[in-house]
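Encoded as structure tokens, the structure appears first; notes follow it.
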Amino acid sequence: MPKGSPELKNARRTEIMNACKELYKTMNFKQITMKEIGSVTSFSRPTIYNYFQTKEEIFLALFRQEYELWNEDLQKIYNENDTLTREQLAHLIAASLQKRELMLKILSVNLYDMEENSRLELLVSFKKTFWNTIGSFNALVRKFCVEMDNARIEQISLAFFAYMQGIYPYAYSTDYQKKAMEQAGMPCRKSDIYEMAKLYFINVFNI
């Protein structure tokens, strides 16, 4: 690929994002630095700054990518089904969210820092993707729960997108958290992303 070509730029952006994603599997947000990310890319750390000014911008790009993928799945449910029961709809949304573990992890612990330390134009771009995803979610509920009015659909949507912030911590407790719960006499209940998402819809859809 020619130096400075769009293909090279996209490839390098993808490599940076993938490097960050891999580090995030074994390190927490505070531990990851631009130096750490640069150590696992095929080019020098200063080159990273041509694409992202902060690590938060890299996380924001990952976050946006995750929402784009989830939005595609929501639209696929909408387009491939003529009718769904409430239980079927709850299952399909929960199953689509189960694939977005990275999105939920970032959402639960790094949202504020990530947004506060990214350039405005990048945050605006992410917010557009986020808003499109809310639109796809609302369209699904509107299509398959025809008896609901727009006000009710907006209530369900607002509550669910807020509820999502707590799914990852409930589904994935660290060993340190488990130790604290054990000493506090608190049961450590085994949950997963699908179960937590489905539970929400069981309640709001009365299924």
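Residue-by-condition table, conditions (1) surrounded by fewer than 13 Cβ atoms within 10 Å (Cβ to Cβ); (2) on the phi > 0 side of the Ramachandran plot; (3) among the hydrophobic types (A, V, I, L, M, F, W, C):
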{"site": "N150", "(1), (2), (3)": "yes, no, no"}
{"site": "E154", "(1), (2), (3)": "no, no, no"}
{"site": "G166", "(1), (2), (3)": "no, no, no"}
{"site": "Y170", "(1), (2), (3)": "no, no, no"}
{"site": "M181", "(1), (2), (3)": "no, no, yes"}
So L60 clears everything in (1) exposed (fewer than 13 other Cβ atoms within 10 Å of the Cβ); (2) closer than 30 Å to F201 by Cα; (3) not basic (K, R) except one condition, right? Which one? (1)
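Got a number for residues in region 32-57 being of a type in the set (V, I, T), in contact with a Ser or Thr (Cβ under 9 Å, 6 or more places away or on another chain) and in a helix (DSSP H, G or I)? First the steps, then the outcome.
Our first condition is that a residue be of a type in the set (V, I, T); within region 32-57, this holds for 32-33, 37, 40-41, 47-48, 54.
Retained after the next criterion (residues that are in contact with a Ser or Thr (Cβ under 9 Å, 6 or more places away or on another chain)): 41, 47-48, 54.
Those left that are additionally in a helix (DSSP H, G or I): 47-48.
Of the residues in region 32-57, 2 are of a type in the set (V, I, T), in contact with a Ser or Thr (Cβ under 9 Å, 6 or more places away or on another chain) and in a helix (DSSP H, G or I).
Of everything in region 20-57 that's among the hydroxyl-bearing types (S, T, Y) and loosely packed, with under 15 Cβ neighbours inside 10 Å, which residue is modelled with the lowest pLDDT? Give the derivation first.
So in region 20-57, the residues among the hydroxyl-bearing types (S, T, Y) come out as 24, 26, 33, 39, 41-42, 44, 47, 49, 51, 54.
So of that shortlist, the ones also loosely packed, with under 15 Cβ neighbours inside 10 Å come out as 26, 33, 39, 42, 44, 47, 49.
Details: T26: 93, T33: 95, S39: 93, S42: 91, S44: 83, T47: 91, Y49: 95.
If we take residues in region 20-57 being among the hydroxyl-bearing types (S, T, Y) and loosely packed, with under 15 Cβ neighbours inside 10 Å, then S44 is modelled with the lowest pLDDT.
Answer with yes or no whether Q165 is closer than 17 Å to Y67 by Cβ and in the same structural domain as Y67 (by TED's automatic domain parsing).
yes
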Filtered residues of region 94-138 (kept if part of a helix (DSSP H, G or I), within 21 Å of F201 (Cα to Cα) and among the charged types (D, E, K, R)): E101, K105
Quick one: which of R119, R100 is surrounded by 15 or more Cβ atoms within 10 Å (Cβ to Cβ), closer than 24 Å to F29 by Cβ and among the basic types (K, R)? R100
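I need the full set of residues from region 183-205 which are outside any helix (DSSP H, G or I), surrounded by 14 or more Cβ atoms within 10 Å (Cβ to Cβ) and not acidic (D, E), in order please. Give the derivation first.
Our first condition is that a residue be outside any helix (DSSP H, G or I); within region 183-205, this holds for 184-192, 205.
From what's left, surrounded by 14 or more Cβ atoms within 10 Å (Cβ to Cβ): 191-192, 205.
Within region 183-205, S191, F205 qualify.
Within the group R64, R12, which residue is over 16 Å from the mean Cα position of the chain (by Cα) and either over 24 Å from K99 (Cα atoms) or assigned by TED's automatic domain parsing to the domain that holds I134 (or both)?
Numbers: R64 fails: over 16 Å from the mean Cα position of the chain (by Cα).
Answer to the selection: R12.
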Return the residues of region 131-148 that are closer than 30 Å to Q31 by Cβ and loosely packed, with under 15 Cβ neighbours inside 10 Å; say none if nothing qualifies. none
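The values are calculated or read from the model by the stated rules, or taken from the named source; none is laboratory data. Here the structure is a predicted model, which is why all the values come from computation and not from measurement. As a convention, Cβ positions derive from the backbone with ideal geometry for all residues, glycine included, and neighbour counts pool all protein chains shown.
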